[in-house]
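Have a look at this one.
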């Protein structure tokens, strides 16, 4: 069992090496100087549960007692009762495992909410992401610009065993052609003019974690060779360096171009393509999941309206219908930017077609998805009942043939309100004005 000073001085193997969760910490005598060093080192041991082994009467010392209470999961007084110690270790290990399980469930739930949409395409996408996250192999994510390829890559990382380690996203287009080699692989001091100190590249920064190479179809041919070598051997060499560095990095590549066509045209190496194309994920275009548009619009409205217009109630029904009919060449990114701009430019309580700059835009198709049609019909029936009943909840529920509780669920589902003020300043229930509509989710 190493002495605490040995651990702090680094003369022995560090406490908490890979796989260790419970560690024993010896405090045989009262030593306030050592205790101060332990306090400073405790931040490095946050991933560990410590059991203190204290000498006789040491726990009576106030600073030692405070340290054990704050930083240790349990303690024993010498001489050690081995049976009790083994029980304590097993109990702490079991609780730590349970806590990790709860954190993983929480992380999965959070990742699921980050990817917005309830359409069949998005449910299938979530399922594919979870399956891909379970294995440790290269991935290619395809899809048009603005479909959320980086978000999908981040979800894969967060749901994988590499989650605690770094996630590094690199856009191959944004890097200067003359510097991309150095940025990806790093460089040594003096490797070129301006290299005044060693620089860790993106691949090395992602060691033990995940790197996303976005727009990989635009990677220069000479770098394609180096990336292929890294994928095959797991080693890199910094620019200007001689040392081979062994790295453990999962590579996710993303592209909006047809890599197969690029391979046929000679713009992309076929061996690199086949090395990357182990697992494949396709991001659907927004026009392929129009039923998700109201939920996306509502999410972006909630995210950005606090920046400028807290009094905004939502989007008009006309605006939502136009959004579902629009072709969205920029996909989710375009939708987000239009909603954010509309929040700034809107002068009323509801965002309109004009605010979204969709008034003169061509509609892609008059065909409406069945889920959207059902929600639209439900909304019209609900509004008609509320208007006929003069916004009386009991009467509206009777007209619809539902319970009062169901009526309130319908009102909440369609983001309607029975008690907010209308744009004129009068209560909605006292006049002919319709309540506000945020979205049908």
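Each value in this text was obtained by applying a stated rule to the coordinates, not by laboratory testing. It should be emphasised that the depicted structure is a prediction, and the values quoted were computed from it without experimental measurement. Cβ placement follows ideal geometry from the backbone for every residue including glycine, while neighbour counts extend to all protein chains displayed.
Residue 176 to residue 95: extension gain in nm, 0.36 nm per residue of separation minus the Cα-Cα distance? If you can, show how the numbers build up before the last one.
Numbers: separation 81, 0.36 × 81 = 29.16 nm, distance 4.92 nm.
The span from residue 176 to residue 95 would gain 24.2 nm if fully extended.
Give the span of the stretch 117-284's Cα atoms along each principal axis, as three whole-Å numbers ordered largest to smallest.
54, 39, 26 Å, listed from the longest principal axis down.
Counting other beta carbons within 10 Å of each residue's own, what order do 235, 255 fall into, fewest first? Walk me through the numbers on the way to the answer.
Working: 235 12, 255 22.
With the fewest neighbours first, 235, 255 line up as 235, 255.
Arranged by the count of other C-beta atoms within 10 angstrom, fewest first, what order do 268, 87 take?
Working: 268 23, 87 12.
Ranking 268, 87 by Cβ neighbours within 10 Å, fewest first, gives 87, 268.
Give the order of 124, 178 when sorted by the count of other beta carbons within 10 angstrom, beginning with the fewest. Please report the intermediate quantities before stating the final value.
Numbers: 124 12, 178 8.
In order of increasing Cβ crowding within 10 Å: 178, 124.
With Rg and the Kirkwood Rh both taken from Cα atoms, where does Rg over Rh land for the stretch 281-324? Display every interim value, and only then the final one.
Numbers: Rg = 12.4 Å, Rh = 11.7 Å.
When Rh is taken as the Kirkwood radius, the ratio is 1.06.
Give the percent of DSSP beta bridges with both residues in the stretch 117-284 that are antiparallel, rounded to the nearest 5.
Antiparallel: roughly 15 percent of the beta bridges in the stretch 117-284.
For a quick protection proxy, order the peptides 57-63, 150-156 by their average other-Cβ count within 10 Å, most packed first.
Values: 57-63: 13.9, 150-156: 22.3.
Peptide ranking by packing, descending: 150-156, 57-63.
In addition: In whole Å, how far is the Cα centre of the stretch 194-248 from that of the stretch 375-405?
Rounded to whole Å, the Cα centres lie 62 Å apart.
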